[in-house]
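First the structure, in the form of structure tokens, and then the observations on it.
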Amino acid sequence: MVQGTRADGMLACGAAGRHRRDGLLRDYVALHGADVAQLREHVVAGRHAAARRVLHDLEGSAAMIGARGLELAAAALSAELRNGAEFATLEALTRACEARFEQLAKSVSVA
């Protein structure tokens, strides 16, 4: 685990920032839920450039809100897309992105 992160991949913050962070996470999940579905469609269809564009947005915005787990998962998939990885590798990394996003969405619904 990266120093300063929690088990769910989010950056740790004090009680004062928790309310604001939760609002940002809700907005993020609402804005990017369709992106995760689009990402899968692009990967399955072999549209790697389109998948990388979606990943660029996911990775950058995840970094901005401190969703380190999703940021790293998106970066890993993006790198493998650039390197021409086999479909099985891309599928596994796509699932990892989906899982990180779902974990983030669940943390918002519990908060």
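The values are calculated or read from the model by the stated rules, or taken from the named source; none is laboratory data. Computed from a predicted structure; not experimentally measured. Here Cβ is always computed from backbone atoms with ideal geometry, including for glycine, and neighbour counts include all displayed protein chains.
Here are the numbers for this structure:
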| item | result |
| --- | --- |
| Number of the condition not met by Glu98 [criteria: (1) of a type outside the set (Phe, Trp, Tyr); (2) within 10 Å of the chain's Cα centre (by Cα); (3) buried (at least 21 other Cβ atoms within 10 Å of the Cβ)] | (3) |
| Residue under evaluation Ala88, criteria (1) touching a helix residue (DSSP H, G or I) at 6+ places or on another chain (Cβ under 9 Å); (2) at pLDDT 95 or above, criterion not met | (1) |
| Residue list for the stretch 53-73, restricted to those being under 18 Å from Val108 (Cβ atoms) and of a type in the set (A, V, I, L, M) | Leu58, Ala62, Ala63, Met64, Ile65, Ala67, Leu70, Ala73 |
| Candidates Ala30, Ala50, Ala7 - the one that is at pLDDT 95 or above and aliphatic (A, V, I, L, M) | Ala50 |
| Selection from the stretch 61-85 of residues that are surrounded by fewer than 20 Cβ atoms within 10 Å (Cβ to Cβ), modelled with pLDDT under 95 and under 10 Å from the mean Cα position of the chain (by Cα) | Ser61, Ala63 |
| Neighbours by Cβ (under 6 Å, 6+ apart or cross-chain): first from the stretch 79-101, without any contact (Cβ under 8 Å) to a residue 12 or more places away in the chain; second surrounded by 11 or more Cβ atoms within 10 Å (Cβ to Cβ) | Thr89/Glu80 |
| Output for the stretch 73-111, where each listed residue is under 18 Å from Val29 (Cβ atoms) and not in a helix (DSSP H, G or I) | Ala111 |
| Per-region count, the stretch 30-72, residues outside any helix (DSSP H, G or I) and either closer than 19 Å to Ala88 by Cβ or in contact with a Cys (Cβ under 9 Å, 6 or more places away or on another chain) (or both) | 3 |
